[in-house]
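Q: Starting off with a structure, shown below.
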Amino acid sequence: MKRNNILILIAFSMLAILQYSCRKSDSNLDVDLNDYNSDKYVYGELDNWLEASLTNPYNIEVVYRFDRSMGDIAKNISPPNIDRVKPTAEMVLNGFIKVYEKVAGATFIKTRTPKQFVFFGSTVYNSNGSETLGTADGGRRVILYNLNTLDENDYNNVKRRLRTIHHEFTHILNQTIEIPPTFEKITPSDYTSDWTNSANTEDLAQKLGFISRYARDQYTEDFAETVAHLLVEGQLYYDRYANAAGADGKAKLKQKEAIVVDYFKQYYDIDFRQLQYEMSRTLASLYKDPTETLVYQMKQSYLRQIDVDLNQGAHYVSYGQSAVFKTVWTDVEQKLGLNINGSTGRTARNFSCVFNGNMLQIQASYSSSSTSTSITKAFFDFNISYQADGSVKFIYVPNTSSGTEYNNGRITISGWQPLIDYLTNNVFVPDWLPKTAGLANLRKYAGFYVQGNAESYFYGPIVLN
């Protein structure tokens, strides 16, 4: 039976982790194994917890006492530190088993999940400069290495290991139902078994349409890598990565994503978007991962803009505006429609929230009349003040720029004043479109609601940098 393994490319001169894959191979370890002698072992509290949490409900055995035959006998490996066993098992339970169980059901996870998880404390180095993080054997056993460095208080440390687990589980699913042939045909000439070669840079792999360097190894690894990154790193990460891949690379990455989503639905009746959502919730609640919060996207300059057009699209009508904000927008429409400085009244169209570091620029669009198709823009600037509780304040900054859009803003400011007042007179919570809008729109719509009044809000589709 084929054995699938996860690797990380190591630059031995710096011992820095650069990439990971699925193969194996040697390091000299000086470990005293006397404390792991099975003859001395006494069944205790940890074993009771493992039995109650994994063995009894899921028929999963956790092997952490050192058993040389469970790993690659050609390698020098050590057992896990006892204090790392429970955090690792909790990571497997919460970040893998319960996520699938909640979305796909108890029968699915009990049927499909491997029945044995084997823990080792040390890494396994390979002759090509890579490091084994995990292996999957015939759908029955998953072996995890390098667990002595697990830090459950570091969400990045946890996510790296969860990518390994989800990567390996994808191989198990693929052994039951093969990857659709269309997936392999997206980048057929760009797979290479020599993926660790220095010529295969991260930038090159990205531009070719691969989510990681290792994904170039073969299409089965590419599929598993795509699944693992979409689930653990999340949709926002994947979309930003695709956006930076160039037109051709982005098109290929999005094609691969579409096949993954369809594969889970067609063959396992699993809503992959729901799976992503539950994974994101788990990482945020248990491991304090902030990366999919809207405020994190704003602070990191990952979010370019939010477009708000209350007259377009079902999601705007149903979810894009609250009754409170509709009143604000109606006030804008009325005031902008009045004669301003002797000019003909104008018709408000929409506006965009454009983010640049700690600055928010409102780009408001209007036309000279309700029948005009010519759009004019007016710009207004705000400082963003990030609060300790995750909320934000917008502080209006009058702009003296001679630019046309800023001049338009000064001319029409009385019409846009209700919007400016709404933004500056409230404290806002950045958030995503509610789950009730449907997970097909996961991380695609975002906006703000007034702190202490969730019935006062506006949302729109996002554009990522």
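The values are calculated or read from the model by the stated rules, or taken from the named source; none is laboratory data. Predicted model, so just to flag it, every value in this text is computed and none were measured. Here the Cβ positions follow ideal geometry from the backbone for every residue, glycine too, while neighbour counts run over all protein chains shown. For accessibility, only protein heavy atoms count, side chains too; no ligands or nucleic acids. Shrake-Rupley method; radii C 1.70, N 1.55, O 1.52, S 1.80 Å.
Q: Just to verify a result, which residue in segment 107-144, among those that are at pLDDT 90 or above and part of a loop (DSSP other than H, G, I, E, B), is farthest from F66 (Cα to Cα)?
A: If we take residues in segment 107-144 being at pLDDT 90 or above and part of a loop (DSSP other than H, G, I, E, B), then T113 is farthest from F66 (Cα to Cα).
Q: State yes or no: is A446 in a strand (DSSP E or B), of a type in the set (G, A, S) and over 30 Å from G345 (Cβ atoms)?
A: yes
Q: Which is surrounded by 15 or more Cβ atoms within 10 Å (Cβ to Cβ), modelled with pLDDT under 95 and of a type in the set (A, V, I, L, M), of I10, I97?
A: I10
Q: A follow-up question, please. Every residue in segment 166-195 that is of a type outside the set (D, E), assigned to a helix (DSSP H, G or I) and either closer than 23 Å to R112 by Cα or at pLDDT below 95 (or both), please.
A: H166, H167, F169, T170, H171, I172, L173, N174, Q175, T176, P181, F183
Q: For the list (1) part of a strand (DSSP E or B); (2) under 25 Å from E278 (Cα atoms), I need the number of the one condition that G390 fails.
A: Result: G390 fails condition (1) only.
Q: Of the residues that sit in segment 151-164 and are closer than 19 Å to Q116 by Cβ and open to solvent by less than 10 Å² (accessible area, probe 1.4 Å), which one is modelled with the lowest pLDDT?
A: Only one residue fits best here, namely T164.
Q: Now for a separate question. Exactly one of these conditions fails for Q175: (1) polar (S, T, N, Q); (2) under 23 Å from V92 (Cβ atoms); (3) open to solvent by 10 Å² or more (accessible area, probe 1.4 Å); (4) under 23 Å from the mean Cα position of the chain (by Cα). Give me its number.
A: (4)
Q: Within segment 359-379, does at least one residue satisfy the condition of being in a helix (DSSP H, G or I), among the small types (G, A, S), open to solvent by less than 50 Å² (accessible area, probe 1.4 Å) and at pLDDT 95 or above?
A: no
Q: Looking at segment 423-438 only, could you name the residues that are surrounded by 17 or more Cβ atoms within 10 Å (Cβ to Cβ) and assigned to a helix (DSSP H, G or I)?
A: L423, A437
Q: For segment 218-245, enumerate the residues that are more than 17 Å from R443 (Cβ to Cβ), open to solvent by less than 10 Å² (accessible area, probe 1.4 Å) and not in a helix (DSSP H, G or I).
A: A245
Q: How many residues, within segment 436-461, are closer than 30 Å to E257 by Cα and out of contact with any Phe, Trp or Tyr (no Cβ under 7 Å at 6 or more places or on another chain)?
A: Here the count works out to 5.
Q: I've got another one for you. Inspect segment 114-125 for any residue being more than 23 Å from the chain's Cα centre (by Cα), on the phi > 0 side of the Ramachandran plot and open to solvent by 10 Å² or more (accessible area, probe 1.4 Å) and give the result as yes or no.
A: No, segment 114-125 has no match at all.
Q: Now for a different question. Can you work out which of the residues in segment 145-165 that are hydroxyl-bearing (S, T, Y) and assigned to a helix (DSSP H, G or I) is nearest to E101 (Cα to Cα)?
A: Within segment 145-165, the match that is nearest to E101 (Cα to Cα) is T164.
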